[in-house]
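Here is the structure we will look at.
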Amino acid sequence: MNELDSKPARRAPAKRRAAAAANARGLAPPAAAEPTNRRAELVRVAARLFREKGFDGTTTRDIADAVGMRSGSSYYHFANKHELLMAVMEEGLRQGLARTHAALADETLTALERFTRLVRTHYGILHDTGSDFIPVMLYDWRSLPTQYKRRIIELKDRYDAIWQRTLDELHAQGRLRADAKLARLMILGAINFSATWYRSKPRSAQRVDLDELAAQTVALVLEPP
């Protein structure tokens with residue numbers, strides 16, 4: 001036996017060992033080209049089911065069945081259901097930040113124009129097709145364990161800061177009577193609550209679309225010039 005033969009064999013990387021264990025249990029991971037898409041699909045479907053049935057009312061089997069995976073395959077992507085819940089909230093905030101930055105990309109916008117776009121964009125984040133992520137955060141925040149909340153709070157603080165800068169400017173211009181920080185909490189709280197009552201296709205004929213809803217919100221909040 002030579003020197004190389006006498007060395008102990010290296011252990012396989014942790015991810016490879018986990019994949020082998022999953023395979024032994026009949027939970028083989030997706031093909032190499034699929035994990036990213038599968039993960040995104042799990043997050044999207046979980047968001048829809050969490051919104052429809054609640055976090056506690058949704059099982060990992062429900063999610064796996066809706067995606068067309070084996071019941072334990074989600075554990076290849078997420079350690080547990082709480083980690084999946086965190087991913088749903090994180091995706092919602094990342095999308096919200098991206099949409100908000102895009103809406104405010106024009107640096108010539110006035111404070112009023114920025115506020116108007118912030119309001120309309122936030123309604124869209126809550127109510128546009130496929131926008132289940134932030135409502136889940138609103139409904140199931142208490143279901144997320146403390147150790148998972150730090151990252152979500154960091155992203156939420158970044159989103160709130162965008163609003164706060166605009167509201168501070170409106171307050172300095174005399175367009176906002178209330179304290180700017182309190183106004184932010186109240187305005188976002190009111191818009192967020194629309195997730196419990198607004199329907200894009202109401203039963204009555206008197207339909208209010210998101211543009212009108214946003215315009216009414218701005219008119220309700222701001223003082224006339």
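All of the numbers you see were taken from the coordinates with simple rules; none came from a lab. Just so we're clear, the structure is a prediction, and the values are computed from it rather than from any experiment. Here the Cβ positions follow ideal geometry from the backbone for every residue, glycine too, while neighbour counts run over all protein chains shown.
Structure above, values below:
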| item | result |
| --- | --- |
| For region 67-116, alpha-carbon Rg over 2.2 N^0.38 Å | 1.84 |
| Distance from region 157-225 to region 78-138 (C-alpha centre basis), Å | 14 |
| Relative packing of 118-127, 191-200, 100-109, which averages over residues the other C-beta atoms within 10 Å, highest first | 118-127, 191-200, 100-109 |
| Cα-based Kirkwood hydrodynamic radius, region 145-225, one decimal, Å | 14.8 |
| Rg(Cα)/(2.2 N^0.38 Å) for region 85-179, N = residue count | 1.17 |
